[in-house]
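Please treat every number below as a calculation from the coordinates, not as lab data. The structure displayed is predicted, hence computed values, not measured ones. Note that we place each Cβ from the backbone using ideal geometry, even for glycine, and neighbour counts take in every protein chain shown.
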Amino acid sequence: MAKTIGLVLAGGQSSRMGQDKARLIWQNIPLYQHMQNLLYESGIEEVLLSGAQCGSRALVDKIPGKGPLSGVHAAIESLSDGVNLLVVPVDMPLLPPEACKKLVSSTAKQGRAVMFEAFSLPLILPVNRQLRETVKHALSSQDHKDYSLRRLFDRLQGVAISLPDEMEVQFQNTNTPDEWRRAHTALSGEE
């Protein structure tokens, strides 16, 4: 089975949150570290950070301003072909490690990009020539829609798998202070 490298996308502007989401504190540690730990719990041994400027494995976007695709590009430029890249957002603190494990096992079976139906992230991408060329082409586009990870997934003819119903609530992003509070409420089990 191909080695899987994790990538935490932490380079967004956090404008709706009003502060850097990567540095928000979740369970006594910065959110970017929580997401790194989540990937480690999923069996990933090496984790990269995109845009967070935190730690020795932090990547700088070589082509900034193209959203998450810039982070994916920076990651694949630092990797060799033949590995898989498991991409998670920094702002999904309730993401269960089991979901990441399911993506890893699914891409091992499929040999293609895999994501859950109705969710662009997390996403796993086999790093190969096709991925590099598709990302390069998308980054050269003037159409902002070409920067979306969903469009990248479609161009790679990825496989969408079903998400168990009980996991769906754990796939909430925390883009605003209200969403952040709801995630904390969900963590504590209060409704």
Q: Would you mind checking the radius of gyration and Dmax of segment 4-188 based on alpha-carbon positions, in Å?
A: 15.3, 44
Q: Give the angle, between 0 and 90 degrees and rounded to the nearest 10, that separates the Cα long axis of helix 68-77 from the longest principal axis of the Cα atoms of the chain.
A: 50
Q.
Please rank TYR32, TYR147, TYR40, fewest neighbouring Cβ atoms within 10 Å first, as an exposure proxy.
A. TYR40, TYR147, TYR32
Q: Report ³J(HN,Hα) in whole Hz for each residue of segment 153-165, in order, from the Karplus equation J = 6.51 cos²θ - 1.76 cosθ + 1.60 where θ = phi - 60°; Gly and Pro get x.
A: 4, 5, 5, 7, 6, x, 10, 8, 10, 6, 9, x, 3
Q. For the residues VAL159, VAL104, VAL169, what sequence is obtained by ranking on other C-beta atoms within 10 Å, fewest first?
A. VAL169, VAL159, VAL104
Q: Could you list THR107, THR4 in order of exposure, starting from the residue whose Cβ has the fewest other Cβ atoms within 10 Å?
A: THR4, THR107
Q: Pull up all non-local amide H partners of PHE116: gap of 5 or more, or a different chain, and H-to-H distance under 5 Å with H placed in the peptide plane.
A: ILE161
Q. What is the set of long-range amide H partners of GLY6 at a cut-off below 5 Å, with H atoms built 1.01 Å from backbone N?
A. GLU46, VAL47, LEU48, LEU86
Q: Just the number, please: percent antiparallel of the DSSP beta bridges in the chain, rounded to the nearest 5.
A: 35
Q: Please build a GNM for the chain, connecting alpha carbons under 10 Å apart, and tell me which residue among HIS34, HIS144, HIS73 fluctuates the most.
A: HIS144
Q) Which links in LYS109/LYS145; LYS21/LYS109; LYS62/LYS145; LYS3/LYS62; LYS3/LYS136; LYS21/LYS66 stretch past 27 Å when you go from one Cα to the other? A) LYS109/LYS145; LYS21/LYS109
Q | Within a Gaussian network of the chain (alpha carbon springs, distance under 10 Å), most fluctuating of ILE44, ILE76, ILE161 | A | ILE161
Q: Select from segment 18-49 those GluC sites (Glu not before Pro) which occupy a DSSP coil region and have at most 15 other Cβ atoms within 10 Å, ordered by residue number.
A: GLU45
(Q) Angle check, please: helix 177-188 long axis (alpha carbons) against the longest principal axis of the chain (alpha carbons), in degrees 0 to 90, nearest 10. (A) 70
Q: Note the angle between two axes, namely the Cα long axis of helix 31-41 and the longest principal axis of the Cα atoms of the chain, as a number of degrees from 0 to 90, rounded to the nearest 10.
A: 70
**Q.** Theoretical ellipticity at 222 nm over the chain - DSSP helices of four or more residues, -39500 (n - 2.57) apiece, nearest 500
**A.** -10500 deg cm²/dmol
Q | Simple Cβ-charge dipole of the chain, Lys/Arg +1 and Asp/Glu -1, about Cα centre, in debye nearest 20 | A | 640
**Q.** Residue among ASN37, LEU86, VAL135 farthest towards the positive dipole end of segment 4-188, charges placed on Cβ
**A.** VAL135
